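**Student:** Okay, here's the structure, questions in a sec.
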Amino acid sequence: MELPGHSWSGAHITDSCWAACRFWAPVWDAQPVLLQRGVTFLLAVIGWVFFRTATWSDATRLLSRMFLPHGGGEFTGALLLTVMVLIASVIAHTFRNRFDMRHEWRPVQVAAFGMALILGLIFMYGGQVSPFLYFQF
């Protein structure tokens with residue numbers, strides 16, 4: 001079953017009616033701000049599912065994968081992630097932080113950081129072109 005083309009209009013009308021309802025306004029306004037933000041974010045994420053999927057069955061399958069426990073694939077990078085976190089924590093807790101450092105850079109250090117920046121840019125932008133997210137819809 002195809003999702004209706006005007007489902008966003010329906011969602012907006014529903015949201016507007018919900019916000020305008022005088023019964024819910026005092027109840028909603030009495031909630032903590034963090035709860036209001038969390039519920040709003042959750043509803044937005046659920047709405048994005050319907051925006052991204054083409055059929056109702058795709059949407060329900062994706063929502064069930066988001067909110068119900070299921071067997072997932074193997075986490076292949078666990079060892080590498082653990083090693084990298086350990087290295088980062090050793091560096092963070094052993095070496096001086098930016099407040100303890102004197103920022104008097106020698107030309108060799110500036111050149112090394114510049115080359116690292118250039119290599120990083122080549123690595124990020126030198127590969128295959130990645131289309132803008134909204135071009136995929």
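**Student:** Which of the residues that make up the range 78-103 are loosely packed, with under 10 Cβ neighbours inside 10 Å and within 29 Å of Val45 (Cα to Cα)?
**Tutor:** The one that is loosely packed, with under 10 Cβ neighbours inside 10 Å and within 29 Å of Val45 (Cα to Cα): Ala78.
For (1) within 25 Å of the chain's Cα centre (by Cα); (2) part of a loop (DSSP other than H, G, I, E, B), each residue gets a yes or a no:
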position	(1), (2)
Asp58	yes, no
Ser64	yes, no
Gly71	yes, yes
Met84	yes, no
Ser89	yes, no
Asn97	no, yes
Glu104	no, yes
Gln109	no, no
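**Student:** Quick check: is even one residue across the range 104-119 surrounded by fewer than 10 Cβ atoms within 10 Å (Cβ to Cβ), at pLDDT 90 or above and among the hydrophobic types (A, V, I, L, M, F, W, C)?
**Tutor:** Yes, the range 104-119 has at least one match.
**Student:** Could I ask something else about it? Among (1) loosely packed, with under 10 Cβ neighbours inside 10 Å; (2) aromatic (Phe, Trp, Tyr); (3) not in a helix (DSSP H, G or I), there is one condition Phe123 misses while meeting the rest; what is its number?
**Tutor:** Going through (1) loosely packed, with under 10 Cβ neighbours inside 10 Å; (2) aromatic (Phe, Trp, Tyr); (3) not in a helix (DSSP H, G or I) one by one, Phe123 breaks only (3).
The values are calculated or read from the model by the stated rules, or taken from the named source; none is laboratory data. Keep in mind that this is a model prediction, so the values were computed, not measured. So basically every Cβ, Gly included, is an ideal-geometry build from the backbone, and we count neighbours across all protein chains shown.
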